[in-house]
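Here the structure comes first, spelled out in C-alpha cells, and everything after it is commentary.
The values are calculated or read from the model by the stated rules, or taken from the named source; none is laboratory data. Owing to the predicted nature of the structure, the values given are computational and were not obtained by experimental measurement. Cβ placement follows ideal geometry from the backbone for every residue including glycine, while neighbour counts extend to all protein chains displayed.
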Amino acid sequence: MIVHIVERRVWEQARLAGEYRAASLATEGFIHTSRPEQVLPVANRFYRSAPDLLLLWIDPQRLLAPLCYEASDGEVYPHIYGPLNLESVLRISALAPDADGVYRFLN
C-alpha cells in the first residue's frame, strides 16, 4: 500500500474528471506518494496546519501508470509516473492536524 496526500477539493475535481493528476505530474513528471510510515513526517514537513486534507490509500498492483521507488532526502519514496487511475485507490481517509497544527495520527 502507498499513500498520497491531497486536498479534498482537488480530489473531488479528479473524481469528476475520471483520473487524478497532481500538480507535480506537470512540473516534475510524477506524483509523490509515501509508504504509510512516511506519511506523518511528509505531512508535517509540507502540509503543516493545512485544512481539509485526505489520504489516498493506493494499491500499487492496480496502478496503470509506472511506479518507481526513488531516493530523496535520505529516504526512498514511491513515485507514480503518470495519472492516478481512480480504481487503484482502495480507501480514502481524512488527515487532520492536532490543535497545534501537527499531524500525529493516521485515520
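Remarks
- Filtered residues of region 41-55 (kept if in contact with a Leu (Cβ under 7 Å, 6 or more places away or on another chain) and in a helix (DSSP H, G or I)): A43
- Verdict on P97 being in contact with a Ser or Thr (Cβ under 9 Å, 6 or more places away or on another chain) and touching a residue at least 12 places away in the same chain (Cβ under 8 Å): yes
- Some residue of region 56-65 being closer than 21 Å to L106 by Cα, under 14 Å from the mean Cα position of the chain (by Cα), at pLDDT 95 or above and part of a loop (DSSP other than H, G, I, E, B): yes
- Residue match in region 71-79 (condition: closer than 12 Å to H4 by Cα, free of Cβ contacts under 8 Å to residues at least 60 places away in the same chain, touching a strand residue (DSSP E or B) at 6+ places or on another chain (Cβ under 8 Å) and not charged (D, E, K, R)): yes
- Selection from region 31-52 of residues that are within 16 Å of F105 (Cβ to Cβ) and acidic (D, E): E37
- Yes/no for G29 being in contact with a Phe, Trp or Tyr (Cβ under 9 Å, 6 or more places away or on another chain), exposed (fewer than 12 other Cβ atoms within 10 Å of the Cβ) and not in a strand (DSSP E or B): yes
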